[in-house]
Structures are given as C-alpha cells and as structure tokens.
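Notes for the one structure printed next.
The values are calculated or read from the model by the stated rules, or taken from the named source; none is laboratory data. All figures in this text were calculated on a predicted structure; none of them were measured in a lab. Note that each Cβ is placed from the backbone with ideal geometry, even for glycine, and that neighbours are counted across all protein chains shown.
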C-alpha cells in the first residue's frame, strides 16, 4: 500500500496533463439536496483522464524500450493518451482499437499521435483488441502499455485523488469513479484510503458491462460473455488482475446504472457546465445520483470524476431522447380512446397543462383509437397519478416508460394505411411551443371533423412540427379554408405528397 502512495506522489503526469478543476454543480446539487462536485477530467488535453496513466507508464520506460516502441489496446481514450505521450517522448506506437470505436476517437488518435502512431482496428470489444495487441507485442518486440492493469498506469490515475483532496479540504462523503478495467478507481482508492480513510470510494458500472461488480461479489475475476457498447469507454469483459486486487481491498461498493440513467447524467452535466460528456464520462454522475437516492442522503458532499468527453456527435440524438426518461421526467403512455368526435379533445383536457413531448396516432379501428404519447412529468409519482386519472375517466392506459421496444422502435413506427378514413386530408402545421397550442387547435376546428392521424415530436425549437390528418367532407371545404386562415398557425397541404400516399394514405 505504501508503495502505491509513493508511486502516486512521484508520478510523472504533469509534463502533459493538467490539474483539472473541482467544480460545484449548482443545478444538480439543488435537485438532489447534496453538494455535488465534478472533477473535470474531460478538460485534459485529450479530453480524458487516460493521459495521466499512459504518460506515467511511458515516462518510466528505459531509453532502449522507447527506441523499440510501444503498443497498446484501447477503446479510444487510452489510445489518445498513448498517442500524445508517444509524440512527446519521440517514440513509435502501434495502437489496436476495436472496430466499434467511435470515429471521433480514431481521428483524435491520429491527431494527437501525428506521425508517431499506427492504428490497427481489430475485433468488436476491448478484449478482442487486447488479444490481438499481445500477439503483435511478441511479434514486433514492443513494450505493452496496458490501459489499466499496470502499477504505473494505476499510479498515474491516482493523481486525480491527490488533486481532489488538495482542492477540497472540507469533509467528503464519497468519491465516485467509472469502472471499465478498474485503473481509475484502483488509483483513486489506493490514495484516498491511505490519506482519508473516512471517505467512501464507490465505483459505477453499467448493468450490461459489470465485470468488476460481479467479480467483487464472486470474490474472483469473472469474464463476461459480451458487453454493452453504449458506454464504449467501459466496455471491458474482465477486470484487471491488479485492479481487482486493489478494488477488493479498498473500494466500498459498486453501483450499477442503466443506459437511460447515463443519458440523464450527460444532460445534468450539460445543464451545469455546458459541456457534453461521453457515456463513460458521465457514469460517476449517474452513480452518485442513484446512490444518494437509495441512501436518502441530504447535505453530503459527493465528488464525481467526469472522466471523458470524447462523444460521437451522432449519438446526441439518442442521448437527448432517453435523458428525460432516465430521470423519470418523461412518461410514455399508450392510451385507448373511443373513436368518436370530441374524445380526442377530452383526452387532451385530462392531460392539463403538462408539456407533450410526443404524440403519435393513426386511425385503425372505427370503434377505438390507440394513442402513443410522451408527457413531461416531475417524477414517477406524477406518472402514476396521471395513469390513474385517465383510467378513472374510462381511457385504458398503459405506462410504456420502461418498455425498451417502445422506447427504441415503437415511438418511430406508429402509422400505416387507413382505408376506412374516408375524406381524409393531410396538413403539416407549425405550432408555437407553448401550453395550450394544441387545445387552441382542437377548439377551433369543427367538432364533427374526426382527427384520423396526429404526429408530433418536441425538438426543442420555438415551433413544434405537427402532422394532422382530418376527415373533412367535401361539402365543408369552405369552412376548412376559414378554419385554416383564422387559426394563425403556418400550414402546408400534404394530401398530394407521395410519401403520404405510399405509407399513410
């Protein structure tokens, strides 16, 4: 133990790494009732803590080892640390990355390594890349720079704990760290438990990549058959041998979170910092929220290591969609309403002034209509109350908020042909994003016209894009014109759109 304390205190990280700030998160702190602090490792030159361990390892190599070169296996962030370290130390590096690695990380490795690095893509996970890298290590006589299971790498990551305790002299209840192979939390725990043993060190893993959690429970290292790739930075099938030893000795517990909770944590960090973390980078925040809620904590100081920000831009669509569900601030409901004039209006009035995030409906049966709706709520209890209210008003309702198929697919698939929707016309509207806009529309239209299709999704814009199908008799064309002109919402007639005819008409 003493050797790790000395290794961390003498680690060579600041040739390339910076001491990152420990920032108060005002919004998240207010919402949880605790003092939440972000250790901003996403602000490192490579946007991740991995630079610390990689450089410390390579800086301790002999001139002969550096001359021959190094090799590493990484899902991305360690690769960038090795690449920048190789460039600074003037040595060659081969980096093996899984084929599933986000393109942003591959390009970043090229950028930081410049002419020092050769990239090899191999396998679907870190473990596959690792096996291939070990073969190349022997074949080319290179030095392997392990992303987590190496004392010098662990010591480099441990400098984060040294900084936290220097930056925060007041009491700390717990420090939360993401776990993949365990290098980060092993280094943090090895330092904290020697200097401030009263502080809890808590790991966080996703439910589908929980090798360390299972290993600690089994008291031996457990290998996962496969791993979830959403949090690609922690997608490790087996924890390190040395990191497992240290975690078994010094880590208090491991908290598990799901994808939706990680997405919510990414949003939490953005709201407090205007920075966007990658999924693995936000794991600690998600775990701190889960732990605080489970333990009923109030007024405690919780430090979360925001470990990385190498996010694929394309992934933001998914994160934005799932973050509200992860925080239980959006409910997805399937509601059955009678297919009669006025029932749609009754349903909307029961929702009250709640903000509708999504609305999908297509005429399918002359007796009953199935509506798929997303609604902003304060918490799970409000969802429960709303479901009970709809049920009391004879509108059968099913809560789909935890239904993975509904969240991933169904919300994008509601629709289809409706041969019984006679005299249907289709219009595209821009509704102002304000409470009452939908009710204004419903109250303005002729109560004898049946709505046969309705689609809306909140995109965070000033105007909501709404697609509406209405069954309007040909004799009411004049009244329709008056309705459209006096409504005050921009509109477009899409009845002749070929996409409508192919998929909806």
Name every residue in the stretch 7-40 that is under 16 Å from residue 153 (Cα atoms) and surrounded by 15 or more Cβ atoms within 10 Å (Cβ to Cβ), in order of residue number.
7, 8, 11, 12, 13, 16, 17
All positions within the stretch 129-162 that are under 18 Å from residue 236 (Cα atoms) and touching a strand residue (DSSP E or B) at 6+ places or on another chain (Cβ under 6 Å)
129, 130, 132, 133, 144, 145
Positions within the stretch 478-492 being in contact with a strand residue (DSSP E or B) (Cβ under 6 Å, 6 or more places away or on another chain), exposed (fewer than 13 other Cβ atoms within 10 Å of the Cβ) and part of a loop (DSSP other than H, G, I, E, B), in sequence order:
490
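Conditions (1) part of a strand (DSSP E or B); (2) at pLDDT 95 or above; (3) touching a helix residue (DSSP H, G or I) at 6+ places or on another chain (Cβ under 7 Å), marked per residue:
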residue: 266; (1), (2), (3): no, yes, yes
residue: 271; (1), (2), (3): no, yes, yes
residue: 283; (1), (2), (3): no, yes, yes
residue: 299; (1), (2), (3): no, yes, no
residue: 305; (1), (2), (3): yes, yes, yes
residue: 328; (1), (2), (3): no, no, yes
residue: 340; (1), (2), (3): no, no, no
Select from the stretch 445-455 the residues that are surrounded by 16 or more Cβ atoms within 10 Å (Cβ to Cβ) and modelled with pLDDT of 80 or more and write down the one among them that is farthest from residue 499 (Cα to Cα).
449
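Rundown of residues vs (1) surrounded by 18 or more Cβ atoms within 10 Å (Cβ to Cβ); (2) without any contact (Cβ under 8 Å) to a residue 24 or more places away in the chain; (3) over 32 Å from the mean Cα position of the chain (by Cα); (4) more than 19 Å from residue 339 (Cα to Cα), yes/no style:
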{"position": "369", "(1), (2), (3), (4)": "yes, no, yes, no"}
{"position": "410", "(1), (2), (3), (4)": "no, no, no, yes"}
{"position": "419", "(1), (2), (3), (4)": "no, yes, yes, no"}
{"position": "424", "(1), (2), (3), (4)": "yes, no, yes, no"}
{"position": "438", "(1), (2), (3), (4)": "yes, no, no, no"}
{"position": "443", "(1), (2), (3), (4)": "no, no, yes, no"}
Of all helices (runs of 4 or more DSSP H) completely enclosed by the stretch 112-195, which ones contain at least 3 residues that are in the same structural domain as residue 210 (by TED's automatic domain parsing), over 24 Å from the mean Cα position of the chain (by Cα) and surrounded by 18 or more Cβ atoms within 10 Å (Cβ to Cβ)?
151-167, 183-195
Out of 363, 344, I need the residue that is surrounded by 14 or more Cβ atoms within 10 Å (Cβ to Cβ), assigned by TED's automatic domain parsing to the domain that holds residue 492 and out of contact with any helix residue (DSSP H, G or I) (no Cβ under 8 Å at 6 or more places or on another chain). Which one?
363
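Listed here are the residues, each with its yes/no results for (1) surrounded by 24 or more Cβ atoms within 10 Å (Cβ to Cβ); (2) closer than 24 Å to residue 50 by Cβ; (3) free of Cβ contacts under 8 Å to residues at least 60 places away in the same chain.
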{"position": "243", "(1), (2), (3)": "yes, yes, no"}
{"position": "248", "(1), (2), (3)": "no, yes, yes"}
{"position": "259", "(1), (2), (3)": "no, yes, no"}
{"position": "263", "(1), (2), (3)": "yes, yes, no"}
{"position": "266", "(1), (2), (3)": "yes, yes, yes"}
{"position": "273", "(1), (2), (3)": "no, yes, no"}
{"position": "277", "(1), (2), (3)": "yes, yes, no"}
{"position": "303", "(1), (2), (3)": "yes, yes, no"}
{"position": "312", "(1), (2), (3)": "no, yes, no"}
Determine, yes or no, whether residue 213 is more than 22 Å from residue 48 (Cα to Cα), crowded, with 18+ Cβ neighbours inside 10 Å and within 24 Å of the chain's Cα centre (by Cα).
yes
Picking from 475, 495, which residue would you name as being modelled with pLDDT of 85 or more and in a loop (DSSP other than H, G, I, E, B)?
495
Counting just the residues of the stretch 371-408 that are over 22 Å from the mean Cα position of the chain (by Cα) and part of a strand (DSSP E or B), which one comes out surrounded by the fewest Cβ atoms within 10 Å (Cβ to Cβ)?
398
Could you pull out every one of the strands (runs of 3 or more DSSP E) wholly within the stretch 1-89 that has 2 or more residues that are in contact (Cβ under 8 Å) with a residue 24 or more places away in the chain, over 24 Å from the mean Cα position of the chain (by Cα) and farther than 17 Å from residue 111 by Cβ?
70-73
